[in-house]
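These notes are about the structure you will find just below.
The values are calculated or read from the model by the stated rules, or taken from the named source; none is laboratory data. Note that the coordinates shown come from a computational prediction; the quantities given were computed from them, not determined experimentally. Ideal geometry is used to build each Cβ from the backbone, glycine not excepted, and the neighbour counts take in all protein chains shown.
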Amino acid sequence: MHPSVLSWVESVVERYDLADKSTLEVGSGIVNGTIRPFFSGEYIGCDITHGWGVDVVANAEDLSLWDDGHWDTVISTEMLEHCPRPWRAMQEMARVAHDMVIITCRGYDDRGCWEVHAYPHDYYRFYHTSMVVLAEDAGLTVLELEADPDGPGWLMVCKK
C-alpha cells in the first residue's frame, strides 16, 4: 500500500470520527501494508482469496453475506482496479454500508497511468470523473475526491 494511501486513510478516520464504527474492509489481503490499526470497533476484512489480513472470503461484486446497511463504514483501498465489474463492487459496498464508503484506487491523470499490477488480475484505471459516476450510480454522494500525491490514483470519501 502506498504511504500516501495509509496517511490519507488515517486522516479520514480521524476527520470523520470512524475509528470505533463497525467497518468492513473489501480487498483486505495484505500485500504491502494495512489500514486495520486505524480502527478499534468491529472490523472484518474480506477478500477474494484466503491470506494474511483476510477474515472472510467474499467477492467484492457479491457481498451477500451481509444485509443492507450492516456496516457503518465500508472501505476499500487499492482494490477496485482488480475487479472485473467495478460498478457491481461499488453498488455492493454502498448496499452494505450504513453511512460511509471510502475508496482508493489506481488511475490516470496528467501524470500518466499507473502501471499494471496483477493481484491476481488488473482490469481498469479510473479518472476522477469515472469515480464520481461509479459513486453516484451506487447511490452515494461524493464528499471528497482528490488525486493521490504518490502517483496516478484517486482517494474518495462518500456518504450514503
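Taking the stretch 59-78 as the search range and keeping residues that are in contact with a His (Cβ under 8 Å, 6 or more places away or on another chain) and assigned to a loop (DSSP other than H, G, I, E, B), which one is nearest to L6 (Cα to Cα)?
E78
Could you grab me the full set of residues in the stretch 38-58 that are touching a helix residue (DSSP H, G or I) at 6+ places or on another chain (Cβ under 9 Å) and outside any loop (DSSP other than H, G, I, E, B)?
Passing the criteria: F38, Y43, G45.
Which residue, of L6, L80, L63, L24, is modelled with pLDDT of 95 or more, over 20 Å from K160 (Cβ atoms) and either buried (at least 19 other Cβ atoms within 10 Å of the Cβ) or not acidic (D, E) (or both)?
Unique residue meeting the criteria: L6.
Of the residues in the stretch 49-66, how many are within 14 Å of A97 (Cα to Cα) and of a type in the set (S, T, N, Q)?
Of the residues in the stretch 49-66, 1 are within 14 Å of A97 (Cα to Cα) and of a type in the set (S, T, N, Q).
If the requirement is being of a type outside the set (D, E), free of Cβ contacts under 8 Å to residues at least 60 places away in the same chain and in contact with a strand residue (DSSP E or B) (Cβ under 7 Å, 6 or more places away or on another chain), which of these qualifies: T77, T73, T129, T104?
Exactly one residue qualifies, and that residue is T73.
Find all pairs meeting these conditions: Cβ atoms under 7 angstrom apart; at least six residues apart or on different chains; first residue within the stretch 10-34 and assigned to a helix (DSSP H, G or I); second residue surrounded by fewer than 22 Cβ atoms within 10 Å (Cβ to Cβ) and small (G, A, S).
Final answer for the pair search is V13/A19.
Restricting to the stretch 83-92, name every residue that is assigned to a helix (DSSP H, G or I), in contact with a helix residue (DSSP H, G or I) (Cβ under 7 Å, 6 or more places away or on another chain) and surrounded by 19 or more Cβ atoms within 10 Å (Cβ to Cβ).
P86, A89, M90
Quick check on my filter: what residues within the stretch 93-150 are of a type in the set (G, A, S) and closer than 18 Å to V13 by Cβ?
Listed by number, the list holds a single entry, A97.
Can you tell me which of G33, G53 is farther than 25 Å from L145 by Cβ and surrounded by fewer than 21 Cβ atoms within 10 Å (Cβ to Cβ)?
The unique qualifying residue is G53.
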